Amino acid sequence: MTVNSPLCFRGKKILAPMVRVGTLPMRLLALDYGADIVYCEELIDIKMLQCKRVMNGKLLCLHWYLIFVCFSLHIEVLETVDFVAPNERVVFRTCEKERRHVVFQMGSADAERALAVAKLVESDVAGIDINMGCPKEYSTKASMGAALLSDPDKIETILTTLVKGICKPVTCKIRILPSVEDTVNLVKRIEKTGIAAIAVHGRKKEERPQHPVHCDVIKAISEAVSIPVIANGGSHDFIKEYTDIETFQKATAASSVMIARAAMWNPSIFRKEGFFTLKEVMKDYIKYAVRYDNHYTNTKYCLCQMLREQLETPQGKKLHAAQSTQEICEAFEMADFYEETTAIFEAKKTSSETEAQDKDDQMEDPDVIKLAVRFDKREYPPQITPKMYLLEWCRKEKHPQPVYETVQRPLDRLFCSVVTVAEQKYRSTLWDKSKKLAEQSAAIVCLRTLGIPEGRLCEGENQLIHKRKREDQEHLNNRESGEDPNEPSQKKANCIEENSDMTLHKM
C-alpha cells in the first residue's frame, strides 16, 4: 500500500521506546526540547486488542443508547485519544500535538494480531514499530522481542503483513546477533519486507548497558542496506550532551540516532542550545503529567529516574513518599499549579456534563421511554424488587424475559441501564451508583409506564410476596421430609434476581 505520511527517518533525533518512561508526558517534553520522532513504550498486542478507542467523549462502535452519553468526559476535557482496557485503565494515550511524530511500538509474535493492532491505532500515530530487541524474559517467553531474532521467517511474515496492510510507515527495532555476518544477513532480509527504517541497538541480547556498544556492527549494517538505519545504545559510552549525538551518528554511519537512558535522565538532551537544569526539566514534566492526567505512579517513576543520586535529598524523599499527583506537586513546590489546573478541569468537566445532560434531555428518541426515577430499597419489602415484579409479569403475559443493557460513565463511574420488554425499551434519565441500582430503576420505568405494581410497601401485600412465602414454606417442608430441595420445579430459583439467564449485561 502507498505510505501516506510525512514521517522521515533520515537525520533525525529520536526518543527511544522505554517501558514506563515513554508515556505521553515524556514524549511531549522530548518534542518540546527538540526530538524529531518519539516512540511510545512497548505495548503488547493482546492487551491492545482488548481496548476501545475513545475520543472527544464518545466511545466508537457503540449501541444507540451510548451515542447520547458523553461517555468519557475526561477525554473531552483532556483533548486526547485514549485506548481503554475493559478495566477502564488507559493503556495508550495520545494527542494531536504528537500525532505526526509518534511511533507506536508493539510487542507481537503473530502477524494477524499485529495487523489488527496497527489498524486500531494507525489513524492516531505517525508509524508502527515491532519490538524485536527486548531481552527481558516476560517478552522472550512469549516469543516476542529478542526471541524473534532466531525466527527470521516469522519476522518476515509480521513485517510484510504490516507493510501491505496499513498506510503508515513500518519500522522494527532489533539487537545484534553473535556475528556481524549473521546480523547483516538478517537486516538485508528485513529490508526486503518494505519497512521504512530499522533501529539497531548495538548490543547482543545477553549484553546490558554496562557492556560497550558495538558501533562497528551498526556501521556494517548502515553500509549494507539502503533503508535508514537508526543507531541506538550510545547513552553509556557516547551521549553525555547534545553534541555527542552527532559523534555517535558518525561512529555508526547511521541515518539517525535513537536515545534512551540519556533522555530518560534529562530529556533536554535534545536541545541543541544545551541542557536545562534538572529542576526546570522536572517541573516541565510535571506540568504535562498534570495536564494530561498521567497516573501518579508513572509520574513518580519517571521523576525518580531523573533524580537518580538525588533521591536521598529532602525533595527526593518527599517524592518517594508521595501517594498522589497532588503530593508530587507539593514536593516540587507546584501546589498552586496543581490547584489552578484542577480547577480548570473541573470547570470544563461541569460544562461538559451540563451539555451532555442538555443533549440527553433534548434528544428525540421514540424507541426509548424515559422517566426520572431512582430505586430506593427502603420503599420495598426485604428481598422484593421491581426487577422481580417485571420478570413475573413477563412470564405471566408470556413475553420473553427482560433484557438489561447497562453502561458505566468513566468520568463519575455512574451507571445507566436500558431494559427491553416486549420489544420496547425503557430507562431512567437518572444515573445510579451501581449496575444493580440502574437496572432496578429501568425496571421501575417499565412497570410504571405499563401501570403494573412494582412491589412498594405502600402498595400493600400482593401476590408475589404471598408466592415467595409459599415457596419458602414448601422449601422448608421438603428439607424436613428429607426430599431433595433441588427437584425440577426450581420455583424459588426462577425468582432469584441474579439468575444468569435473567439479565444480559453489556458494558
| What do you reckon, is S441 free of Cβ contacts under 8 Å to residues at least 60 places away in the same chain and buried (at least 21 other Cβ atoms within 10 Å of the Cβ)? | no
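Among the residues of region 141-155, how many are open to solvent by less than 30 Å² (accessible area, probe 1.4 Å), of a type outside the set (A, V, I, L, M, F, W, C) and farther than 15 Å from D129 by Cβ? Steps first, please.
Of all residues in region 141-155, those open to solvent by less than 30 Å² (accessible area, probe 1.4 Å) come to 144-149, 155.
Within this subset, residues satisfying the condition of being of a type outside the set (A, V, I, L, M, F, W, C) are 145.
Right, trim to farther than 15 Å from D129 by Cβ and you get none.
Within region 141-155, residues that are open to solvent by less than 30 Å² (accessible area, probe 1.4 Å), of a type outside the set (A, V, I, L, M, F, W, C) and farther than 15 Å from D129 by Cβ number 0.
When the residues of region 246-275 are filtered to those that are part of a loop (DSSP other than H, G, I, E, B) and in contact with a Pro (Cβ under 9 Å, 6 or more places away or on another chain), which remaining residue is nearest to Q105 (Cα to Cα)? Steps first, please.
So the first thing to find is which residues in region 246-275 are part of a loop (DSSP other than H, G, I, E, B), and the list is 253-255, 260, 266, 271-275.
Pick out the ones that are also in contact with a Pro (Cβ under 9 Å, 6 or more places away or on another chain) and you get 254-255, 260.
Numbers: A254: 21, S255: 20, A260: 14 Å.
Checking each candidate, the answer is A260.
Which one is modelled with the lowest pLDDT among residues in region 1-24 that are farther than 21 Å from N131 by Cβ and of a type outside the set (S, T, N, Q)? Explain how you work it out, then say what you get.
Going residue by residue through region 1-24, those that are farther than 21 Å from N131 by Cβ are 1-2, 4, 6, 8, 10-11.
This time we only want the ones that are of a type outside the set (S, T, N, Q), so: 1, 6, 8, 10-11.
On the way: M1: 42, P6: 72, C8: 96, R10: 98, G11: 97.
The qualifying residue modelled with the lowest pLDDT is M1.
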field: Residue match in region 205-224 (condition: in a strand (DSSP E or B), within 29 Å of M264 (Cβ to Cβ) and open to solvent by less than 20 Å² (accessible area, probe 1.4 Å))
entry: no
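A quick yes/no check of all residues on (1) open to solvent by 10 Å² or more (accessible area, probe 1.4 Å); (2) free of Cβ contacts under 8 Å to residues at least 12 places away in the same chain; (3) under 28 Å from the mean Cα position of the chain (by Cα); (4) not assigned by the TED database to the domain that holds I230:
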| residue | (1), (2), (3), (4) |
| --- | --- |
| V117 | no, no, yes, no |
| T157 | yes, no, yes, no |
| T160 | yes, no, yes, no |
| I166 | no, no, yes, no |
| V184 | yes, no, no, no |
| A199 | no, no, yes, no |
| G202 | no, no, no, no |
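Can we say L177 is crowded, with 18+ Cβ neighbours inside 10 Å and in contact with a Leu (Cβ under 9 Å, 6 or more places away or on another chain)? Reasoning before the result, please.
Details: crowded, with 18+ Cβ neighbours inside 10 Å: yes; in contact with a Leu (Cβ under 9 Å, 6 or more places away or on another chain): yes.
Spelling it out, L177 is indeed crowded, with 18+ Cβ neighbours inside 10 Å and in contact with a Leu (Cβ under 9 Å, 6 or more places away or on another chain).
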- prompt: For region 427-435, does any single residue satisfy the condition of being part of a helix (DSSP H, G or I), surrounded by fewer than 19 Cβ atoms within 10 Å (Cβ to Cβ) and within 35 Å of the chain's Cα centre (by Cα)?
  reply: yes
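Please pick out the residue among F248, F270 that is aromatic (F, W, Y), crowded, with 20+ Cβ neighbours inside 10 Å and either within 30 Å of T193 (Cα to Cα) or over 35 Å from the mean Cα position of the chain (by Cα) (or both). Steps first, please.
Details: F270 fails: either within 30 Å of T193 (Cα to Cα) or over 35 Å from the mean Cα position of the chain (by Cα) (or both).
Only one candidate passes the filter, namely F248.
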Looking across region 23-53 at residues that are under 13 Å from H101 (Cα atoms) and part of a loop (DSSP other than H, G, I, E, B), the single one that is most open to solvent (accessible area, probe 1.4 Å) is D36
Being open to solvent by 70 Å² or more (accessible area, probe 1.4 Å), of a type outside the set (D, E) and at pLDDT below 95: is that true of K467 here?
no
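Could you go through region 243-254 and let me know if any residue there is assigned by the TED database to the domain that holds A197 and closer than 29 Å to E79 by Cβ.
no
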Scanning region 228-244 for residues that are surrounded by fewer than 21 Cβ atoms within 10 Å (Cβ to Cβ) and out of contact with any Ser or Thr (no Cβ under 7 Å at 6 or more places or on another chain), the one nearest to C215 (Cα to Cα) turns out to be D237
Item checked: Test for E280: is it modelled with pLDDT under 95 and open to solvent by 30 Å² or more (accessible area, probe 1.4 Å) -> no
The residue that is surrounded by the most Cβ atoms within 10 Å (Cβ to Cβ), considering only those in region 9-22 that are in contact with a Pro (Cβ under 8 Å, 6 or more places away or on another chain) and part of a loop (DSSP other than H, G, I, E, B), is F9
Here the qualifying pairs (Cβ atoms under 9 Å; residues six or more apart or on different chains; first in region 249-261 and at negative phi; second part of a helix (DSSP H, G or I) and charged (D, E, K, R)) come out as A251/D216; A251/K219; T252/D216; T252/K219; A254/K219; V257/E246
So, first residue under 19 Å from N294 (Cβ atoms) in region 83-108, second residue open to solvent by less than 70 Å² (accessible area, probe 1.4 Å) and of a type in the set (D, E), Cβ within less than 6 Å, six or more apart or across chains; the pairs are V90/D82; R93/D82; T94/D124; Q105/E42; Q105/D129
Of the residues in region 389-415, those that are touching a helix residue (DSSP H, G or I) at 6+ places or on another chain (Cβ under 6 Å), open to solvent by 10 Å² or more (accessible area, probe 1.4 Å) and either under 13 Å from A438 (Cβ atoms) or aliphatic (A, V, I, L, M) (or both) come to L411, F415
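The values are calculated or read from the model by the stated rules, or taken from the named source; none is laboratory data. Keep in mind it's a predicted model, so treat the numbers as computed, not measured. Backbone-built Cβ (ideal geometry, glycine too); neighbour counts: all protein chains shown. Protein only, heavy atoms only, side chains kept; ligands, DNA and RNA dropped before computing areas. Shrake-Rupley method; radii C 1.70, N 1.55, O 1.52, S 1.80 Å.
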